[in-house]
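The structure appears right after this line, and notes come after that.
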Amino acid sequence: MNDSLIPESLDARKIFARDAVVQGVWPVSRMQRLNGLLADDSGEVEVDLRFHVDEQHRRLITGRVRTQVNVTCQRCLAPMPLPLDEALQMAVVASEAIGLRLPEEIDPWIAGDEPLPLPQLLEEQLILALPLVSRHDEGLCRPAVESVGPEPGANGVGESGQGKPGKGNPFAVLASLKSGDRK
């Protein structure tokens, strides 16, 4: 993989006519919308894309986009690494109507002959690749808070029955106040 930065934009007319390959990286830190969904902005996106015209005269972008991002586990709230490796098969189309006529396996990217914002295209793909809910595999989560099991006196009365609040029940203090009002 070429470690050079990919261009911020590509000339849509020239890139497809040349049957060009673009390889390089793009910092995750420069993808603001994606960063809003991550635990931090570390890492780089590895890009390996081919821009070509197929037999039906469609302008296609095919290849792979890879990265590892850090997301927040929604079970334990700890950061967790999430590898993303997405195959890309996309057609650059002039309108949404043309995009609707594409085969299901080809995603549309609506653009005319203006420069293609390659990092924006990659960011969209990575956002779509994120899971709806990020979670560690079962058994790998650290508890977000220490769980407190029932202890003697958890009903608000101490072991001696004297109205001492149990340590495990945060509402035990309320129970002791309530019993104190009945004098």
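The values are calculated or read from the model by the stated rules, or taken from the named source; none is laboratory data. Please read all numbers here as calculations on a predicted model, not as lab measurements. Cβ placement follows ideal geometry from the backbone for every residue including glycine, while neighbour counts extend to all protein chains displayed.
For this structure, a couple of remarks:
- You will find that of ASP11, ASP19, the residue that is acidic (Asp, Glu) and free of Cβ contacts under 8 Å to residues at least 60 places away in the same chain is ASP19 and no other.
- Residue match in segment 77-95 (condition: out of contact with any Leu (no Cβ under 8 Å at 6 or more places or on another chain), of a type in the set (A, V, I, L, M) and farther than 28 Å from ASP137 by Cβ): yes
- Test for ALA97: is it closer than 27 Å to GLY36 by Cα, among the small types (Gly, Ala, Ser) and in the same structural domain as VAL21 (by TED's automatic domain parsing): no
- Among residues of segment 52-78 that are at positive phi and in the same structural domain as GLY99 (by TED's automatic domain parsing), those with a Cβ under 6 angstrom from a residue that is in a loop (DSSP other than H, G, I, E, B) and hydrophobic (A, V, I, L, M, F, W, C), sequence gap 6+ or separate chain, pair up as LEU77/ALA144.
- Among the residues of segment 1-59, those that are within 18 Å of GLN89 (Cβ to Cβ) and among the polar types (S, T, N, Q) comprise GLN23, GLN56.
- With a requirement of 1 or more residues that are polar (S, T, N, Q) and surrounded by fewer than 15 Cβ atoms within 10 Å (Cβ to Cβ), the helices (runs of 4 or more DSSP H) lying completely within segment 12-127 that satisfy it span 32-35.
- Any hit, segment 12-25, residues being closer than 15 Å to PRO119 by Cβ, among the aromatic types (Phe, Trp, Tyr) and assigned by TED's automatic domain parsing to the domain that holds LEU121: no
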